[in-house]
Structures are given as C-alpha cells and as structure tokens.
Amino acid sequence: MQVWNGTLYVPISSSVGSFTTSAGTPVNSLGYLANYEVPYVDISGTLVSGNEASSRGYKWYRYMTTNSNRAVATHTYQYNNKYYRNYTVLMDKEKKSPLWTAFAMNTGMWPDNDYGRYGDWTEDPAFTGLSGTWQNGGVTTGGYDKGHLVASNYRQTSSAQNAQTFYLSNQAPQNSSFNGGLWSQLEQKVVAATPSNSDTLYVVTGVLYEGTAVYEAGIQVPSHFYKCLMKCSFNSSGEMTGATGCAYVFINEEKSNNSPSQLPNYKTTIRSLEGRAGFNFFANVPDEFEEAAETKSTELWTY
C-alpha cells in the first residue's frame with residue numbers, strides 16, 4: 001500500500017503548475033502551485049497514465065485506492081507551452097459518480113479567457129479501462145440535470161481545459177431548479193472571489209449520500225451537494241502565510257429563494273463537513289493554518 005497525500009509523482013518535465021516529480025510532500029518552493037486542494041487518499045498499486053483526447057488536454061494520471069470500488073485521477077492540459085493540472089476527482093464504482101473533485105483557482109495560473117462551454121458530455125478516459133462500469137450517462141429525468149462539480153465557468157483558460165469539465169466523472173444528478181438557482185449563485189460568487197498574484201483559492205466540491213436512498217434511472221441521487229473553500233496567502237519565498245476557509249452544504253432539492261443573500265444560511269465549517277463526508281480535506285496545508293481555517297467559517301466575499 002502507498003499513501004497519496006495529494007501530490008502526484010509523475011514525469012512531466014519543465015512543468016509549471018503541475019505535479020512534483022519525486023516522492024515527498026510538497027515543499028515551500030512550490031508555493032501556491034502545490035497540490036494543497038487534494039484531500040487525503042490511501043492509494044494502492046502503481047500509477048497509470050494515458051492521453052486525453054486531442055481536443056481535451058494533455059494527460060491523465062490515475063491511482064486505485066485501498067477501497068477497490070474507488071479510484072482517483074488527475075487531468076492536465078497544455079497552455080502557453082507549459083503543462084498544468086486541471087482537477088483531481090475521486091470516483092466511486094458503486095455510485096457510478098464522483099464523490100469529490102478538487103482544484104485550485106488563481107487568475108494568473110488558471111486565467112479566465114472566456115471560452116464558454118466547449119464540448120459535449122463524454123466518458124472520462126481515466127476510468128474507461130477499469131473493470132466494470134464506473135460512470136453513468138447522466139440523469140436528465142425526474143427533474144434532474146447533469147450537475148457539474150467543477151463548474152464550466154471555473155475553467156475558461158483554454159478549450160481543452162473547459163472540455164474536461166464535461167467528462168461524466170465530473171457530474172452527478174442535481175435538482176434542475178437548484179442547479180440553475182442557488183448552486184449557480186454560489187458558483188458565480190466563487191468565480192468573482194478568485195484571487196490574483198500568489199494568493200490562491202483551493203476548492204473541493206462533492207456530494208453526500210445521507211438518509212433514504214433515492215434512485216432515478218437506476219442511479220443513486222446524492223442527498224446533498226457541498227463546496228469547501230480555502231483561500232491561502234504566500235510570501236515571496238513561496239511560504240504559506242495565512243489561510244481562511246468555509247464550506248457550504250445544500251440538500252439536493254428545489255430552493256424557494258435563490259437570492260445570493262441566502263447563501264450564509266447554508267454555510268458551515270470545513271471541519272464539520274469532514275465528519276459527514278468522511279474525508280480529510282486540505283490535508284497538505286500546514287497544520288498551523290489548516291486548523292484555524294477548518295474550524296472557523298470565514299466568508300470569502302461580501303453581499
């Protein structure tokens with residue numbers, strides 16, 4: 001068994017914003033380019049990689065986990081002759097859906113070039129070679145949409161970067177009204193709060209399955225959607241100097257009021273959500289900053 005602490009060890013040479021190339025935890029010299037967003041995962045076996053489709057990026061990298069029904073993969077893309085990580089996803093074979101996606105947001109390293117929605121929904125190649133069926137084709141009946149975890153408007157740097165948000169591994173059945181309403185309002189707030197310079201917003205978006213199981217078209221519908229946000233600051237040496245965080249969790253149902261002013265009603269601490277989701281989020285953030293950011297709920301914007 002290996003323990004993956006969020007850093008993929010992959011042979012990408014001359015890369016910026018990608019992954020470390022040798023075993024070890026992220027070091028300060030990586031600064032905001034380190035994988036601070038990826039939750040702790042126990043991995044099993046060896047690293048497998050493959051090529052994205054020509055219109056959808058550079059390479060994907062996958063590990064199985066110690067739970068044989070779960071696998072984790074990272075997608076990368078090329079931009080300005082450099083290679084960047086796009087997002088990491090943990091897939092669950094039994095649910096045929098992602099449990100979470102993790103990604104970073106910074107206007108310099110992942111800029112918004114206004115590409116719009118690029119490409120159609122398609123299977124994620126990182127999981128198609130696994131035994132059995134890992135992905136569902138999306139639920140569009142019963143009042144549900146294919147709900148993005150990594151929003152399309154979060155990834156506007158290139159057409160390939162955006163096209164990866166339309167992998168079936170990046171969606172789960174989401175109430176249509178909620179998707180186009182309060183969830184969309186939160187997504188827009190996150191985009192507006194994306195920092196510049198070396199300040200970086202690390203995001204984990206995921207689903208919960210609580211209470212009585214609900215199925216639509218043979219797929220289990222998540223009971224909740226959540227989003228964890230941690231904004232970290234760095235000095236000129238690449239050392240983290242501070243972090244603030246909060247989380248939002250919503251029942252996956254129609255909301256009567258979709259005003260962004262309602263968002264504080266769904267705010268909680270990252271630590272509280274960790275207990276419900278069963279994951280250690282932001283495990284790579286230094287303890288002295290992680291503790292305060294996860295136990296306090298600090299709003300990242302004003303209303």
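When both segment 97-143 and segment 190-220 are represented by their alpha-carbon centers, they are found 12 Å apart.
On full extension of the chain, what length is gained from Leu300 through Lys267, given 0.36 nm per residue of separation minus the C-alpha to C-alpha distance?
Between Leu300 and Lys267, full extension yields an extra 10.8 nm.
Every helix of 4 or more DSSP H residues in the chain counts as -39500 (n - 2.57), and over all residues that averages to -3500 deg cm²/dmol at 222 nm. Of Thr205, Thr128, Thr74, the sequence from fewest to most neighbouring Cβ atoms within 10 angstrom is Thr128, Thr74, Thr205.
Computed over segment 106-145, the range of Cα coordinates on each principal axis works out to 40, 30, 17 Å, biggest value leading. The residue list Thr141, Phe250, Thr88 was ranked by how far each Cα lies along the charge dipole of the chain toward its positive end, using unit charges on Cβ atoms, and Thr141 comes out on top. Taking θ as phi - 60° and the Karplus parameters 6.51, -1.76 and 1.60, the scalar couplings of segment 232-238 work out to 10, 10, 9, 8, 5, 8, x Hz in sequence order, x denoting glycine and proline.
Across segment 57-178, C-alpha contacts under 8 Å between residues 6 or more apart give a mean separation that, scaled by the residue count, equals a relative contact order of 25 percent. Mind checking which aspartates and glutamates have their C-alpha under 17 Å from Lys96, skipping anything on the same chain fewer than 8 residues away? By straight Cα distance, Lys96 reaches Glu123, Asp124, Asp145, Glu210, Glu216.
Note on segment 223-303: Cα-only Rg and Dmax are 14.1, 48 Å.
So, with +1 on the Cβ of K and R and -1 on the Cβ of D and E, and no other charges, what is the size of the charge dipole of segment 2-295 about its Cα centre, to the nearest 20 debye?
400
The Cα-based radius of gyration and maximum Cα-Cα distance (Dmax) for segment 153-238 are 15.9, 52 Å. Our summary gives the chain a relative contact order of 17 percent, counting only alpha carbon pairs under 8 angstrom and 6 or more residues apart. A 29 angstrom limit on the alpha carbon distance is what I want to check against. Which of Lys93/Lys231; Lys82/Lys296; Lys93/Lys146; Lys95/Lys296; Lys93/Lys189; Lys59/Lys95 exceed it? Check vs 29 Å cut-off fails for Lys93/Lys231; Lys82/Lys296; Lys95/Lys296; Lys93/Lys189. Its Cα gyration tensor gives the chain an equivalent ellipsoid; the semi-axes, largest first and in whole Å, are 26, 24, 19.
Taken together, the values in this text are just the output of simple stated rules run on the coordinates, not laboratory data. Everything quoted here is computed from the prediction, not taken from an experiment. Note: ideal-geometry Cβ built from the backbone for every residue, glycine included; neighbour counts use all protein chains shown.
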